[in-house]
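Report on the structure given below.
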Amino acid sequence: MIDPENTEIPIVKQCELANLNRSTYYFKPKRPGKYKKEQKLLDKIEELWFEHPSSGYRTIRERLKDYGFYVNSKKVLRLMKQLGIYGM
């Protein structure tokens, strides 16, 4: 195990001895709250698209504002691509 308070052996050497990349040691996982917000947004985009399949990303973005989601068009377009849905 790597001990950051050990002053005799530097972190670099401890990682090397543990056969671990330093980037793995310093990695901080993202907060789970962000994923919940994005999942809610994905669900709402999908719901709005199923109501009106001809809606494109600009229309979906405008409708999202009615539900309190203030995001830009690029994000809506990216998420729609991720979901595999497109306006007709």
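Kindly evaluate Leu17 against the criterion of being touching a Leu at 6+ places or on another chain (Cβ under 9 Å) and either surrounded by 11 or more Cβ atoms within 10 Å (Cβ to Cβ) or over 27 Å from Val76 (Cα atoms) (or both).
No, not satisfied.
List the number of the failed condition for Lys28; all other conditions in (1) surrounded by 12 or more Cβ atoms within 10 Å (Cβ to Cβ); (2) within 30 Å of Cys15 (Cβ to Cβ) hold.
The number of the failed condition is (1).
Take the conditions in a helix (DSSP H, G or I), of a type outside the set (A, V, I, L, M), open to solvent by 60 Å² or more (accessible area, probe 1.4 Å) and in contact (Cβ under 8 Å) with a residue 24 or more places away in the chain and apply them to Gln82. Does it pass? Let's see the steps before the verdict.
Details: in a helix (DSSP H, G or I): yes; of a type outside the set (A, V, I, L, M): yes; open to solvent by 60 Å² or more (accessible area, probe 1.4 Å): yes; in contact (Cβ under 8 Å) with a residue 24 or more places away in the chain: yes.
Yes; evaluated as a whole, the condition is true for this residue.
Could you tell me whether Lys40 is of a type in the set (Lys, Arg), open to solvent by 50 Å² or more (accessible area, probe 1.4 Å) and either in contact with a helix residue (DSSP H, G or I) (Cβ under 8 Å, 6 or more places away or on another chain) or part of a helix (DSSP H, G or I) (or both)? Break it down into steps so the answer makes sense when it comes.
Values: of a type in the set (Lys, Arg): yes; open to solvent by 50 Å² or more (accessible area, probe 1.4 Å): yes; either in contact with a helix residue (DSSP H, G or I) (Cβ under 8 Å, 6 or more places away or on another chain) or part of a helix (DSSP H, G or I) (or both): yes.
Spelling it out, Lys40 is indeed of a type in the set (Lys, Arg), open to solvent by 50 Å² or more (accessible area, probe 1.4 Å) and either in contact with a helix residue (DSSP H, G or I) (Cβ under 8 Å, 6 or more places away or on another chain) or part of a helix (DSSP H, G or I) (or both).
Pairs please, first residue from segment 12-25 and free of Cβ contacts under 8 Å to residues at least 24 places away in the same chain, second anywhere and surrounded by 12 or more Cβ atoms within 10 Å (Cβ to Cβ) and not in a helix (DSSP H, G or I), Cβ atoms under 7 Å, 6+ apart in sequence or on different chains.
Listed pairs, sorted by first residue: Gln14/Ile2; Cys15/Ile2; Ala18/Ile2; Tyr25/Ile2.
The values are calculated or read from the model by the stated rules, or taken from the named source; none is laboratory data. Computed from a prediction, not measured in an experiment: that's the story for all the values here. Using ideal geometry, Cβ is built from the backbone for each residue, glycine included, and neighbour counts are taken over all protein chains shown. All accessible areas refer to the heavy atoms of the entire protein, side chains included, with ligands and DNA or RNA removed. Shrake-Rupley method; radii C 1.70, N 1.55, O 1.52, S 1.80 Å.
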